[in-house]
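The values are calculated or read from the model by the stated rules, or taken from the named source; none is laboratory data. A quick note: this is a predicted structure, and the numbers were derived from the prediction, not measured. Please note: Cβ atoms are built from the backbone with ideal geometry, for glycine as well, and neighbour counts cover all protein chains shown. The protein model used for the area step is the full one, side chains on, heavy atoms only, and it has no ligands, DNA or RNA in it. Shrake-Rupley method; radii C 1.70, N 1.55, O 1.52, S 1.80 Å.
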Amino acid sequence: MVALPADHRLAAREELDAADLIGERFVVYPAAHGSSVREMTFTVCHSAGFTPVIAREAPDPYSLLALVGAGVGVAVVVASTTDITVTGVRYVPLRNSPVLPIALAWRCDNPAPAVRRVVDVLRAHVN
C-alpha cells in the first residue's frame, strides 16, 4: 500500500504503479531500525527505475502516518497499516507489490497461556 496525504494528486486513484511515485518525497523508517518496510520501499522504487528521495524518517507507524498526513511525503506501508486511521491520510493499493514475509519464533517450552493461544490462532489462520 501507499499512504498519501488525502489531498495528494494521486489520492483519488484506485491503484498505483511504482512509477507513479517518481519525483515524490518519501517518509521512511530509519535505516538503523533494520526495517523490512524501509527495504521494501527501496525495492519498489528501484523496480520502477528510481531512487526514493527521503523527506523524513519516522521511528514508528504512528509518527510516519502523522508526517504523511501533514504533507511531508508519501510512504510505502504494509496492508495492515490501513487499520490505523489518521486524519489526512489515504491508503492506495500498489499494483504488483511484493509480499513481505512475516516470521514468528517462540520457545516451545514456554508455559504462558497467552503464548500458546497466539500460536494456536496463527496456526489456524496462516498457511
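So the values come out like this:
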{"item": "Whole-number percent relative contact order across the chain, with pairs defined as alpha carbons under 8 Å at least 6 apart", "result": "37 percent"}
{"item": "Kirkwood hydrodynamic radius over Cα pairs of region 79-127, then Stokes diffusion coefficient at 4 °C and 1.567 mPa s, in µm²/s", "result": "91 µm²/s"}
{"item": "C-alpha center-to-center spacing [region 31-59, region 109-127] in angstrom", "result": "32 Å"}
{"item": "Share antiparallel - DSSP beta bridges, region 1-102, percent rounded to 5", "result": "50 percent"}
{"item": "Rounded percent of accessible protein surface that carbon and sulfur make up, region 52-127, 1.4 Å probe", "result": "58 percent"}
{"item": "Burial order of peptide ranges 19-29, 43-53, 101-111 (average beta-carbon count within 10 Å, highest first)", "result": "19-29, 43-53, 101-111"}
{"item": "Region 1-72 - percent relative contact order, Cα under 8 Å, separation 6 or more", "result": "40 percent"}
{"item": "Solvent-accessible area per residue, Å², over the chain with all protein chains present [probe radius 1.4 Å]", "result": "61 Å²"}
{"item": "For a label point 7 Å along the Cα-to-beta-carbon line of residue 124, residues of region 93-107 with backbone N under 20 Å", "result": "104-106"}
{"item": "Folded to 0 to 90 degrees: helix 113-125 orientation relative to the chain principal axis, Cα", "result": "60 degrees"}
{"item": "Area projected by the alpha carbon convex hull of region 1-112, averaged over all directions, nm²", "result": "8.1 nm²"}
{"item": "Label-point gap, in nm, between residue 13 and residue 25 - each point 7 angstrom along Cα→Cβ", "result": "2.0 nm"}
{"item": "Cα gyration tensor shape for region 1-65, rounded if a/c is under 1.5, else prolate or oblate", "result": "oblate"}
